[in-house]
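What follows is a single structure, written as structure tokens, with notes after it.
The values are calculated or read from the model by the stated rules, or taken from the named source; none is laboratory data. Owing to the predicted nature of the structure, the values given are computational and were not obtained by experimental measurement. Backbone-built Cβ (ideal geometry, glycine too); neighbour counts: all protein chains shown.
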Amino acid sequence: MAGSVDFRKLPPLKALKGFEAVARLLSVRRAAEELNLTHPAVSHQVQQLEQDLGVKLFARQGRNIVLTDEGERYYICVQGALEQLVLGSDAMRRQSQQPALRVQSYITFSVRWLAHRLTRFRSQYPHIELHLMTSGNGWEFDEAHADIGIIYHRGTLPEHLYWVKLFDSELFPVCSPSLLEGCEEPLTPQQLTGYPLLSVYTEEKHWNWQRWFSACGVTERQAITPVMVDTLVVALEMAINGEGIALVNGPLVNDDLASGRLVRPFDLAVEGEGSWGLVCRRELLQNPQVQTFIGWLQQQL
């Protein structure tokens with residue numbers, strides 16, 4: 001075990017490097033040239049190592065030097081150890097030179113679902129530097145600035161993009177339980193029109209209250225004038241504070257529903273026209289960092 005090794009017995013690394021070069025080249029002069037040292041300096045390293053070990057590592061044969069039996073055995077050991085050090089050091093250098101993995105996600109998805117899970121990713125994969133990019137009003141994958149996108153999409157994507165579906169689009173209202181105090185029975189979609197509704201104007205293109213009521217079969221309703229905000233993050237904070245009912249798409253409030261901070265007025269949900277998924281350029285599928293993040297995200301779901 002590594003903990004039982006007495007590293008004080010380890011010979012100086014310079015002496016090991018000098019010995020390895022001389023043993024491989026069988027020439028002190030050539031070893032000195034390779035290591036960019038003087039001939040006496042390399043000779044001193046070998047002598048220092050022989051004194052430390054208490055054995056002769058080289059012998060003279062005429063004008064040449066050869067390894068002794070002890071030197072042969074020790075050379076195999078030293079060469080293997082130095083080779084492992086080189087390989088391990090190269091791996092660390094490549095790892096440190098890896099560019100950060102850039103992940104694009106919407107503000108609400110980042111704040112309410114992804115961000116607090118990234119500590120798990122960091123704990124599992126400390127060698128991967130991850131940059132989370134939040135997109136505000138843009139819904140499309142920004143492939144010029146992101147390696148991976150977690151987006152909501154309808155229709156088909158260009159052929160050069162790879163898509164992994166994460167979960168279906170499901171639209172349903174949520175509110176604070178305080179807003180429903182005094183209600184003995186679950187509400188109906190029709191009754192929601194009597195409550196303050198919260199709408200996100202950047203999401204109007206994909207879903208809104210008018211479409212949701214129509215999908216629920218509510219044809220006769222009063223004019224809907226919801227409070228308009230710019231992000232679902234704001235709408236959900238207002239809903240948690242009892243200031244209205246927000247329309248949610250996807251698993252963004254799972255934690256709030258589990259804790260009771262938010263409730264669903266009824267179980268009815270409407271299927272959206274798109275789906276949530278992960279997207280990246282196909283050429284990046286061979287990137288180990290991309291593979292790791294995709295696998296990790298699927299495990300989280």
Of residues in the range 216-274 being within 31 Å of the chain's Cα centre (by Cα), at pLDDT 90 or above and charged (D, E, K, R), the one nearest to Thr108 (Cα to Cα) | Glu237
Take Ala23 and decide whether it is without any contact (Cβ under 8 Å) to a residue 24 or more places away in the chain and under 46 Å from the mean Cα position of the chain (by Cα).
-> no
The lone exception for Thr119 - which of (1) more than 30 Å from Glu273 (Cα to Cα); (2) surrounded by 13 or more Cβ atoms within 10 Å (Cβ to Cβ); (3) among the hydroxyl-bearing types (Ser, Thr, Tyr) it fails | (2)
When residues of the range 134-149 are filtered for being modelled with pLDDT under 90 and assigned to a strand (DSSP E or B), how many remain?
-> 2
Filter pass, Ile107 being touching a strand residue (DSSP E or B) at 6+ places or on another chain (Cβ under 6 Å) and farther than 30 Å from Pro12 by Cβ = yes
Restricting attention to the range 148-162, and to residues there that are of a type in the set (Val, Ile, Thr) and within 18 Å of Tyr106 (Cβ to Cβ), which single residue is surrounded by the most Cβ atoms within 10 Å (Cβ to Cβ)?
-> Ile148
Would you check if there is a residue in the range 58-66 being basic (Lys, Arg), modelled with pLDDT of 90 or more and closer than 30 Å to Val233 by Cβ?
-> no
Out of His127, His131, His116, sole residue that is closer than 30 Å to Leu13 by Cβ, under 13 Å from the mean Cα position of the chain (by Cα) and of a type outside the set (Gly, Ala, Ser) | His127
If we scan the range 76-99, do we find a residue that is touching a strand residue (DSSP E or B) at 6+ places or on another chain (Cβ under 9 Å), surrounded by fewer than 12 Cβ atoms within 10 Å (Cβ to Cβ) and at negative phi?
-> no
Select, from Tyr152, Tyr162, the only residue that is under 24 Å from Thr231 (Cα atoms) and not in a loop (DSSP other than H, G, I, E, B).
-> Tyr152
